[in-house]
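Everything below concerns the one structure shown next.
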Amino acid sequence: MRKFLYEMLETASVSGNEINLQKVVIKYMKSVSDKIITDHAGDVICVINPEANFKVLLAAHSDEIGLTIVEILNDGRALLKEVGSIKAGVYPGQKVRVITDKGEVFGVVGFDQFTFKSEITDKNLILDIGVYSKDEAEKIITIGDSVILDSNYRELNDNIISARALDDKIGVYSIMEVLKKSKDINKEIGVYCASTVGEETTKAGATFVSNLVKPNCAIIIDVTHDSSIMLNKGNREFTMNGKGPVLSIGTVINKEFVKKAQKAAKNKNVSLQVSTEVYRTYTDLDKIYFNESGIPSLLISIPLRYMHSSAELVDMNDVNDIISLITEIIELLKTDRNFNPFELL
Ligand SMILES: [Zn+2]
């Protein structure tokens, strides 16, 4: 099923423009879902057992960071603005894809001898699509078009995949694999797998999906930094590619849910890494958790190297582990649905 993942990785989905990606999700998930819910913003929720009273929401975001065209210059080149938190330094000298209403066109992000002399921001990024005048450019591109790095996915070996926007298409892939594995789950559990929009910018999708589904509990799947490669000595928490899913604990994470995840990991022989979150998680969880009186939530992340570049790396062993871990958590929810610590006293 890597075909599904690879098709997602090839599809552009800059925050706010996720529809093409969501169509890929629908294409691959239509036959396995009992129901697919969509909304005005572009969210896609694949469901099994929609009649069930108990609902577990699995959420991962479909959008990726990128650039947008803000001005077309007289010489035919164009100025760009970031969409989401980009690392501007990775763009100069790279090939890019421009997503226009009429289809995709190719370009490069140019530079001159001064570009690398100071810190690079999105204001230093200039798109060059190979024309020499504003008139020519305007026939091809428009203000507001999305721009992404033009880089293919690569298998570095059997386990390691390199690509742009594994953040968080690898999460969407994971939850959809869980949905397939949970197909025959007890009819009492409704599994809602949401491919959300806008996480990198507004987290609008997570807000809407949480309100739409009103789940009894939620598991958010995103990527997190492999912090073992950071040379910064101030780094005191270590997570690493290839060492298993990263389970978050902290103020916005339900403690009883954490215990269930730990039990599931033990059952499936999955080794977990731990991350602590104090104020917020900077993921969709920050919106899903705060719905009305609160949704007991869990954040499980896939470790990833070189986030927000054309060369993000994930280890498929971690991905397979997260799929079997979440499938087992859903299995445990058949008999243990308590999230309130007072009920255990
Ligand atoms: Zn993400």
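Is region 268-286 home to any residue that is over 22 Å from Thr207 (Cα atoms), within 16 Å of the ligand (Cβ to nearest atom), in the same structural domain as Ser227 (by TED's automatic domain parsing) and assigned to a strand (DSSP E or B)?
Checking region 268-286: at least one residue is over 22 Å from Thr207 (Cα atoms), within 16 Å of the ligand (Cβ to nearest atom), in the same structural domain as Ser227 (by TED's automatic domain parsing) and assigned to a strand (DSSP E or B).
Can you name every residue in region 287-327 that is on the phi > 0 side of the Ramachandran plot and within 13 Å of the ligand (Cβ to nearest atom)?
Listed by number, the list holds a single entry, His308.
Do we find that Val274 is surrounded by fewer than 21 Cβ atoms within 10 Å (Cβ to Cβ) and touching a residue at least 12 places away in the same chain (Cβ under 8 Å) in this structure?
Yes: the conditions hold for Val274.
Just checking, does region 187-208 include any residue being in contact with an Asp or Glu (Cβ under 9 Å, 6 or more places away or on another chain), touching a residue at least 60 places away in the same chain (Cβ under 8 Å), in the same structural domain as Ile48 (by TED's automatic domain parsing) and over 29 Å from His40 (Cβ atoms)?
Yes, that holds for at least one residue.
Residues Asp315, Asp336: which one is in contact (Cβ under 8 Å) with a residue 12 or more places away in the chain, assigned by TED's automatic domain parsing to the domain that holds Val178, closer than 30 Å to Leu149 by Cβ and of a type in the set (D, E, K, R)?
Checking each option against the conditions leaves just Asp315.
Please tell me if Glu237 is more than 14 Å from the ligand (Cβ to nearest atom), over 19 Å from Asn320 (Cβ atoms) and in the same structural domain as Leu73 (by TED's automatic domain parsing).
Judged against the criteria, Glu237 is not a match.
Test Ile249 against the stated conditions and say whether it is of a type in the set (A, V, I, L, M, F, W, C) and buried (at least 21 other Cβ atoms within 10 Å of the Cβ).
no
Condition check ((1) away from the ligand (no atom under 16 Å from the Cβ); (2) modelled with pLDDT of 95 or more; (3) more than 25 Å from Leu21 (Cα to Cα); (4) surrounded by fewer than 16 Cβ atoms within 10 Å (Cβ to Cβ)) across all residues:
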residue: Ile141; (1), (2), (3), (4): yes, yes, no, no
residue: Asp145; (1), (2), (3), (4): yes, yes, no, no
residue: Asp150; (1), (2), (3), (4): yes, yes, no, no
residue: Leu156; (1), (2), (3), (4): yes, yes, no, yes
residue: Ala163; (1), (2), (3), (4): no, yes, no, no
residue: Leu166; (1), (2), (3), (4): no, yes, no, no
residue: Lys169; (1), (2), (3), (4): no, yes, no, no
residue: Ala206; (1), (2), (3), (4): no, yes, no, no
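Return yes or no: is Leu231 more than 22 Å from Asn17 (Cα to Cα) and modelled with pLDDT under 95?
Answer is yes for this residue.
Being among the hydroxyl-bearing types (Ser, Thr, Tyr) and surrounded by fewer than 21 Cβ atoms within 10 Å (Cβ to Cβ) is true for just one of Tyr282, Tyr289. Which residue is that?
Unique residue meeting the criteria: Tyr282.
Quick one: would you say Tyr91 is surrounded by 21 or more Cβ atoms within 10 Å (Cβ to Cβ) and of a type in the set (Ser, Thr, Tyr)?
Here the answer is yes, as Tyr91 does meet what is asked.
Could you run through region 3-34 and say how many residues are in contact (Cβ under 8 Å) with a residue 40 or more places away in the chain, charged (D, E, K, R) and part of a helix (DSSP H, G or I)?
Number of matching residues: 1.
The values are calculated or read from the model by the stated rules, or taken from the named source; none is laboratory data. All values reported here derive from a predicted model rather than from experimental measurement. Positions of Cβ are generated from backbone atoms using ideal geometry, with glycine treated the same way; all protein chains shown enter the neighbour counts.
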